[in-house]
Amino acid sequence: MMLSERQRKQYAHGIGALYVVLLVCGSFSLMYVPSTLFDPTSAAQTIQNIQSDQWLLRMGIVSVGVICITELFVSALIYFLFRSVSPLLALTAAFARLGNAVMQGANLFALGGICILTSENTSSEWFEPHLQADNVMLLIQLNQFGELIWEMFFACHCMIVGVLIYKSGFMPKVLGVLLSIAGIGYAVHGFGTMLYPAFETLFDQAAVSAAIIGELPFMFWLLFKGVRLKAPLNSL
């Protein structure tokens, strides 16, 4: 079965719409929730924040779950949209994005542990107060480390899709270049923070710049323009 140009344009718009979901959920779960609840300088304050608004933490967990499910559809659509350009690269990009989704899902275990440790239903006999604080902070650090791991998969995905866009002929080459640069930025953040944690702030800026430079133009183009017509058709 061949995809018509109209169907391919619908696939592109679908990816753009799903990117909006990822942007909203990601901003909430990866930026707003941690900045509101987690205090890296005080375990006691962190526990107090969570216990006073554990619903916010649970909503953050649900938001990541929505991200994981959305990533499954994005992975499939990316594959079918670019398969005619290079089946191998399109499949690799899809698998890299799936790896990103799996790692984000696995990372929820750390947040679930924080919920359990700070819940009112958790018996105080389980932990001494200082052990509870130590375990909560450890799980927060594990969650943050897990984010660096899934970011590596996502960086790989962005760089490959950038190449596919550049070669496709139905999307502007500049979008491919920008998305590849974004992938490099994410890779620098993930690997750099692991190797040189003292420069984490600098690497954070690289990740934010990568998202603004590469992902936002890609999202808006898919959402409002889709693909250029009169390009070679995909096949299913």
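The values are calculated or read from the model by the stated rules, or taken from the named source; none is laboratory data. Bear in mind that the values here come from a model prediction, so they are computed numbers and not experimental data. Here Cβ is always computed from backbone atoms with ideal geometry, including for glycine, and neighbour counts include all displayed protein chains. For accessibility, only protein heavy atoms count, side chains too; no ligands or nucleic acids. Shrake-Rupley method; radii C 1.70, N 1.55, O 1.52, S 1.80 Å.
Quick notes on this one:
- Pair list, Cβ under 7 Å, 6 or more apart: the stretch 16-44 residue more than 21 Å from N135 (Cβ to Cβ), other residue surrounded by fewer than 16 Cβ atoms within 10 Å (Cβ to Cβ): L18/F73
- The set of residues in the stretch 80-109 that are under 17 Å from M159 (Cα atoms), of a type outside the set (A, V, I, L, M), open to solvent by less than 50 Å² (accessible area, probe 1.4 Å) and in a helix (DSSP H, G or I) comprises F82, R97, G99, N100.
- Residue within the stretch 169-180 that is in contact with a Pro (Cβ under 7 Å, 6 or more places away or on another chain), in a helix (DSSP H, G or I) and modelled with pLDDT of 90 or more present: yes
- Residue count, the stretch 14-57 (criterion: closer than 23 Å to I116 by Cα and among the aliphatic types (A, V, I, L, M)): 10
- Filter result for the condition that a residue is of a type outside the set (A, V, I, L, M) and closer than 19 Å to G169 by Cβ, over S86, S52, S63: S86
- Any hit, the stretch 3-13, residues being touching a helix residue (DSSP H, G or I) at 6+ places or on another chain (Cβ under 6 Å), at pLDDT 90 or above and not hydrophobic (A, V, I, L, M, F, W, C): no
- Annotation: L72 fulfils all but one of (1) touching a strand residue (DSSP E or B) at 6+ places or on another chain (Cβ under 9 Å); (2) open to solvent by 60 Å² or more (accessible area, probe 1.4 Å); the unmet one is (1).
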